[in-house]
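Report on the following structure.
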Amino acid sequence: MLSEVLRTVSIVSGISVFLAGLLTLAEKFLLNYGTCRININNARQIEVKGGNSLLRSLMQSDIFIPSACGGRGSCGLCKVKVLEGGGMVLPTEIPYLTEEELKGNIRLSCQVKVREDIAIEIPEELFNIREYTATVEKIIDLTHDIKTLYLKFNDGDELSFKAGQYVQIKVPRYGKVRDEVYRAYSIASSPRNRKEIQLIIRRVPQGICTTYIFDYLKEGDKIVLNGAYGEFYLRDTDREIVCIAGGSGLAPIKSILHQMHEEGINRKATFFFGCVSKRDLYYVDEMKVFESLIPNFRFIPALSGPKEEDNWTGETGLITEVVDRYITDGSNMEAYLCGSPGMIDACIRVLRSKGMPEDRIYYDKF
Amino acid sequence: MKQDPILERAEKLMKPGEISSSGFLGNDNRKLVDILLDDGQTVASLNLSHEILADRMEELTEKAREYLGSPVLVDGYLEVTIQDSRGNIACPFQHMGMYPKENVHVLNVKTGESIQWTSLNIHMIREHGFYEGKGSPFRVDPLDLVRVLGIMA
C-alpha cells in the first residue's frame, strides 16, 4: 500500500517537474515578446526587448533601481509604482509589500516581467544614478574583520554624492558564485572628493560579497558600482547632533564629519561609537583629528566588553547605556544612527526616552 | 527516497554561490530529503522536536540581542554572543521573508564546548527541520546542539 502511494507520488512529481521544465524552455526559446515600451513618469519612454524583468530592462537602459540582491527577489528594495501593465502581483512579492503599497500599485521590479508596454513611476533622483568603473587603489585592514577600500573612478569619472549615502558594488561571478550580485555599502569619504571614494566593509561569514572582497579582490583590480543612493544625510538645521554607530556603521558618519569640517558646520556634535573590545575599535586617531578640526565635535568610543589586556580607560558599557549617561535632554537634538537593526532599535528607545522626537532620528539600518 | 519538486528546487538553491558563498549542504552528498529524514529521526530519538530546539535557540538569541554584541551569561553556564553583519539572507525553501545576518555563538563554560547558528538556522530548523548538510560551515548538528545547550527531553 505504502509503496503504491510512494510510486504514485513519484510519478505525479516527475510529471510536474517535466511540465515545469517544458514551460521554462518554451518561454525561453519560443516566446518572443518583441519590443516593449516602458513609459517612465509620463515623461520619457524607453524601448526594451520584451521578456526580461523590469529591473534588468531598466538597468540595460542605464536606469538603476536600488537592489541589494541582484534581482533574486530576496531584498525587497527594488520597489517601483506600476501604473499600467506588469501583470498580477506575484506571491514572491507579497511578503515585501505593505497593504498600502499593494493598494498603491507598488511592485518589486525584479519580479515584474516586461511582456507588454508598461507605465511606471520612479523618483526623479534615480535618473541621476549611473554605473561607474573604478580601480581598487588600496585595501587596508582596519580590524580583524573590517577592511577599507579606496576606489578611484576610471577615465576621470566623478561620482556626486551627499555625505551619508551609499553605493552598490557589483560582485562578478567568482568561485562557485554563478550570478552577479549587488551589495550596498556606505561611502566613508568626503563628498568633495568625487574622483575617489572610500568604503568600510565588515566580513560577513560565508557572505557572497564580502568573501569576494576579502578573499578575491586585490589592489589594482577593477570594480563596477552604481549610485549614489539613500536618504541618510545631514539635515540643514541648527540643532545639536548625536551620531551613534557600531562596527562598519562608522562609514557614513565619517563622511558626514568630512562634510562638517569642509563646510564649516560648527553645530555641537557628539559621536558615540560602540565596540566590544579594543580589537574592534578603529579610526580613533582620525576621530581625534576631527575633534581638532570641528570646534564643537566630540568623539566618545565605548567598549562593552573590554579585555584586561586592553587597559581601557574610556567609556564602558553598552552603547545605549553610554548614550543614556551623556544625554539628559534630547528634545532639541537630532540623531544619525548607523548599525545593526538591534542596535538602532535600542538607541531609538533611549533617544525617545530623552525627549527626542522620532522624526528627528535618522538611521541607516544594516 | 524520491524528493518532490519543492525540495528539488530548495536543494538547488542550497548549492554554493546561490544564496550564500559556501551553500547549505557542505560535502554532504545525500539528497536533501534524506538529510531531513536523518536529522528528523535523530531529534525524535531524543524525544525532542524541531520546535523545542528552535525555541531554545530563539530564547538565547533574543537574550544575546539585548547585549548588542557583548557576551552574556545565560542560566549560569551558557555564554552567548551575537555578531551582526550588514544585510539579510533568504530561506532556500523560498519561505516568505528575510532573515538578518546574525551569528550567534554559544559557549558552554562548564564543558568548554561551543556551537554557533544564524537567525536563518532557527527558521530552517523550526519550519523545515533542516540543520544543513554535513560539512556546511553553518550546520547545527542536533546532537551537538542538545549536548552544548544541555537540553533535556
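Measuring nothing but how far apart in sequence close Cα pairs (under 8 Å, 6+ apart) lie, relative to its length, chain A scores a relative contact order of 12 percent.
Summing Cβ point charges (Lys, Arg +1; Asp, Glu -1) relative to the Cα centre of chain A gives a dipole of roughly 740 debye. Here the alpha carbons of segment A:129-229 define both size measures, Rg and Dmax, at 12.7, 39 Å.
Take the Cα radius of gyration of segment A:273-366 and divide it by 2.2 N^0.38 Å, N being the number of residues; the result is 1.13. Its Cα gyration tensor gives segment B:5-149 an equivalent ellipsoid; the semi-axes, largest first and in whole Å, are 25, 18, 13. With both labels modelled 7 Å from their Cα along Cα-to-Cβ, the A:HIS144 to A:VAL224 distance reads 3.6 nm.
For A:LYS268, the lysines whose Cα comes closer than 18 Å to its Cα, not counting residues fewer than 8 places off in the same chain, are A:LYS254, A:LYS288, A:LYS354.
Of the DSSP beta bridges with both residues in the protein assembly as shown, give the percent that are antiparallel, rounding to the nearest 5. The partial results should precede the final answer.
Values: 64 of 93 bridges.
So the antiparallel bridges amount to about 70 percent of the total.
Each label was represented as a point 7 Å from its Cα along the Cα-to-Cβ direction; for A:SER292 and B:GLU66 these points are 4.4 nm apart. Peptide packing for A:187-197, A:330-340 was compared via the average number of neighbouring C-beta atoms within 10 Å per residue; ordered from the highest value, the list is A:330-340, A:187-197.
Between A:ARG173 and A:ASP62, what length comes free when the chain is fully extended (0.36 nm per residue of separation minus the Cα-Cα distance, one decimal in nm)? Before the final figure, lay out each step's value.
On the way: separation 111, 0.36 × 111 = 39.96 nm, distance 2.09 nm.
The A:ARG173-A:ASP62 span can extend by a further 37.9 nm.
Listed by chain and number, the aspartates and glutamates whose C-alpha is less than 13 Å from the C-alpha of A:LYS195, apart from same-chain residues fewer than 8 away, are A:GLU137, A:ASP155, A:ASP157, A:GLU158. Compared with the direct C-alpha span, the chain from A:GLU137 to A:SER353 gains 73.3 nm at full extension, assuming 0.36 nm per residue. Seen against the Cα atoms of chain A and their longest principal axis, helix A:284-293 is set at about 70 degrees.
The Cα center of segment B:101-137 and the Cα center of segment A:320-366 differ in position by 31 Å. With the convex hull constructed from alpha-carbon coordinates only, segment A:186-329 shows a mean projected area of 10.7 nm² over all directions. For segment A:240-365, the relative contact order works out to 27 percent when only alpha carbon pairs closer than 8 Å and six or more residues apart are counted. Could you work out how far the C-alpha centroid of segment A:229-301 sits from that of segment A:46-121, in angstrom? Cα centroid of segment A:229-301 versus Cα centroid of segment A:46-121: 36 Å apart.
Residue by residue along A:166-178, Cβ atoms of other protein chains within 10 Å of the local Cβ number 2 on average. Diffusion of the protein assembly as shown by Stokes-Einstein, at 25 °C in a medium of 0.890 mPa s and with Rh set to the Kirkwood radius over alpha-carbon pairs, works out to 97 µm²/s. For segment A:265-323, the fraction of C-alpha pairs farther apart than 14 angstrom is 55 percent.
Between A:ASN42 and A:GLU231, what is 0.36 nm times their sequence separation minus the Cα-Cα distance? Round to one decimal in nm.
On the way: separation 189, 0.36 × 189 = 68.04 nm, distance 2.45 nm.
65.6 nm is the gain from fully extending A:ASN42 to A:GLU231.
Just going by the charge dipole of the protein assembly as shown, with Lys and Arg at +1 and Asp and Glu at -1 on Cβ, which of A:TYR150, A:PRO252, B:LEU107 is farthest out on the positive end? About the Cα centre, the residue reaching furthest to the positive side is A:TYR150. For chain B, the relative contact order is 26 percent, taking Cα pairs closer than 8 Å that sit 6 or more residues apart in sequence and dividing their mean separation by the residue count. Between B:LEU37 and B:ALA153, the modelled labels are 2.2 nm apart [label points 7 Å from Cα along Cα→Cβ].
Per-residue Cβ counts within 10 Å, from other chains only, averaged over A:199-206: what number is that? If you can, show how the numbers build up before the last one.
Working: counts 0, 0, 1, 4, 1, 10, 11, 14.
Counting other chains' Cβ atoms within 10 Å and averaging over A:199-206 gives 5.
What you get for segment A:35-125, charging only the Cβ of Lys and Arg (+1) and of Asp and Glu (-1), is a dipole of about 340 debye around the Cα centre.
The numbers here are math on the coordinates, done by the rules we state, and not lab data. Predicted model only: the values in this text are computed from it and were never measured. Glycine gets a Cβ as well: all are built from the backbone with ideal geometry, and neighbour counts include every protein chain shown.
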